[in-house]
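This report refers to the structure that appears directly beneath it.
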């Protein structure tokens, strides 16, 4: 187990390094630069700015400075917003994205648990058919369409009832969060529902479930204790990619609902070619996702000894 | 002999697929969709870039008959000026069409000036709408020619004092009639003496710049489907070659090649799509399609590579491969005759699932403005155009969103059916 753990952590560190390096070099291929965008800057000021941000140094040296700062946890200063450090930007906006993402994840998990269970218990009857159909539609409709539909629905509902049941967009109060979180979680919910339904059906005729039934345990107990508990394992194994999906899905949902999260900020930074913000955010997101995936892989290995052993051997 | 067995395998898959009515329906619809998108622009010959300025953001349903009006004539107020000084000033509409809305009111001696506002659907219900004009105390009429559309407007005339403080207001509702100026009508070669003209048909309406939605949807479909099919095809082929090479060489090379795969897979996909897309950039006049395809290929190839390697390693242990080898089959024969054909099943299934995910990615990126560059349409960028006008012109978002959803749904259903049909191989193991 120890060797597996060390191996995985080493791997994660190398991946984060790779993300940082790839981001750095990708950014230097970008045509155009933020200092000369739109408005013409006098040559002297341009040179000063170049020197200030270290853009006049050779690429190798820039890379070393960048890595050195990165190791100290310093992402630099924004190009377009003077005196604002990227660390500040991330700290301020990521909390918003994190709240939204966490709620979306909770929605997705609860929904998947309920719909997946219902579909597997009433297998091949109408609740199952309806769930399968719903899943199929939900994975085929882009998240921004769901977000737009939700907004349309909220507008109609507010007009119909005559008072503001839910705000259409924005951020700031609890009522702002429900619609975007639900829309963000919907695709993930569908994906997890399909997975859970499949694994519940697979575990339904496992010997230990049959044994529990034969011992005369009440059906709900057989289901919760023996069937669901084991069926949840595959869900655990996809939690890493799931969280990655919710994180990047936030880019769009934050955009549609005008939520000041890091995803929306990232998209704006890309449009403005704010190098340091793009690099900082990408490395931050990359590290975040790699660590999340690692954490859930380790959790999975801890929860299911079979994985641990088989991976130790390879 | 292997050939015959192989033939039988694909024949069985096809037979199973044919028995699945849902799968065949999907297949037929997808072929129809692709044909429509490919052949559509030559059948529906309206230029997707042409702007119909008389029909900006017109909905798919509604009248297309426009009256012809003389819009060049300078209006000098109503024929009969309402008498000044009456106690209540009345706002009235002299004429209302999409070329001009002519309003007049009785002057009020106590007012030192007027402000005119226009409210339309989609504006804040509590507001008066857009300020149209600030008028002098002596004015008793106004002609509004600003961007009129055949929908309901509410004009508000505020009578104000010297400081601009409101004294009282009058409101009137107007729905302008669809109209065309004489000059435009002559360009559209209207017959002599006709007073109405049929505007060109737009079965799906027009967008906010007056472009035909159907034509744009077809051209956007070409872009979206090209990216969605070509990019996965390329990275599937590359992944196939890479995975097969890695599995067949084995040893250290295999380990190194697979750790590269592990790296690329560990990269956050959409984040790097955006990065690559930005790094590749677009010169003025470029559509950004090539950049998207390159980025998709650069990030997409590892999963088929891993899949193919795994399959080949599994197949190599199969008794029939062993038998072929004992009978003196060379490496080349084994690869071409046994390994590649047997891997094709799983590759085909994952290709079918890769298409909707590539279409999704394109739509996602175009939606946040990182994909296809305007004026080239794609379904994603059309959704982006549509979402800001969702409340006033829902059709602008509806049709591209439906196109994406239906296409992705069909590919997903086909993929499911194909996977089920392929499962015979697993059952036979």
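Where a number appears in this text, it was derived from the coordinates with a stated rule and is not lab data. Quick caveat: nothing in here was measured; it's all calculated off a predicted structure. With ideal geometry, Cβ positions are generated from the backbone for all residues, glycine too; neighbour counts draw on all protein chains shown.
Counted over chain B, the DSSP beta bridges are approximately 90% antiparallel. Per-residue ellipticity at 222 nm from helix content only, as computed over the protein assembly as shown with -39500 (n - 2.57) for each DSSP H run of at least four residues, stands at -20500 deg cm²/dmol.
Computed on segment A:101-175, with alpha-carbon pairs under 8 angstrom and 6+ residues apart, the relative contact order is 14 percent.
Beta-bridge orientation, segment B:68-180: approximately 95 percent antiparallel, per DSSP, counting only bridges with both partners inside. Peptide A:148-158 has a mean shielding of 2, counted as Cβ atoms of other protein chains within 10 Å of each residue's Cβ.
Extending 7 Å from the Cα toward the beta-carbon at both residue B:73 and residue A:50 defines two label points whose distance is 6.5 nm.
Note on residue B:198 and residue B:332: their simple-model spin labels are 6.7 nm apart, each label 7 Å out from Cα toward Cβ.
Using a Gaussian network model of chain B with C-alpha springs under 10 Å, which one of B:47, B:147, B:412 is most mobile by mean-square fluctuation? In this elastic network of chain B, the residue with the biggest mean-square fluctuation among B:47, B:147, B:412 is B:147.
Mean separation of Cα pairs under 8 Å and 6 or more residues apart, divided by the residue count, gives segment A:86-313 a relative contact order of 28 percent.
Would you mind pulling out the separation of the Cα centroids of segment B:341-406 and segment B:112-132, in Å? Value for the Cα centre distance between the two parts: 37 Å. For chain B, modelled as a GNM whose springs connect Cα atoms under 10 angstrom apart, the maximal fluctuation among B:29, B:236, B:327 occurs at B:327.
In terms of its alpha-carbon gyration tensor, segment A:227-290 comes out oblate; a/c meets the 1.5 threshold, while b/c is at least as large as a/b.
Segment B:256-334 and segment A:170-201 have Cα centres spaced 31 Å apart.
Each Cα pair under 8 Å and six or more residues apart adds its separation to the average, and for chain B the resulting relative contact order is 19 percent. Compute the Cα gyration tensor for segment B:68-180, then decide on rounded, prolate or oblate, letting a ≥ b ≥ c be the square roots of its eigenvalues: rounded whenever a/c is under 1.5, prolate when a/b is larger than b/c in the other cases, and oblate in all that remain. It is oblate, given that a/c is not under 1.5 and a/b is not larger than b/c.
As a test, work out the antiparallel percent of DSSP beta bridges whose residues both lie in the protein assembly as shown, rounded to the nearest 5. Rounded to the nearest five, the antiparallel share is 90 percent. Cα centroid separation, segment B:219-233 to segment B:23-53: 13 Å. Cut-off 10 angstrom, C-alpha nodes, Gaussian network model of chain A. Which of A:108, A:130, A:214 fluctuates the most? Result: A:214 has the largest fluctuation of those listed. The percentage of C-alpha pairs in segment A:160-223 whose separation is greater than 15 Å is 69%. From the Cα gyration tensor of chain A, with a ≥ b ≥ c the square roots of its eigenvalues, which class applies: rounded if a/c is under 1.5, or else prolate if a/b is larger than b/c, or else oblate? Oblate.
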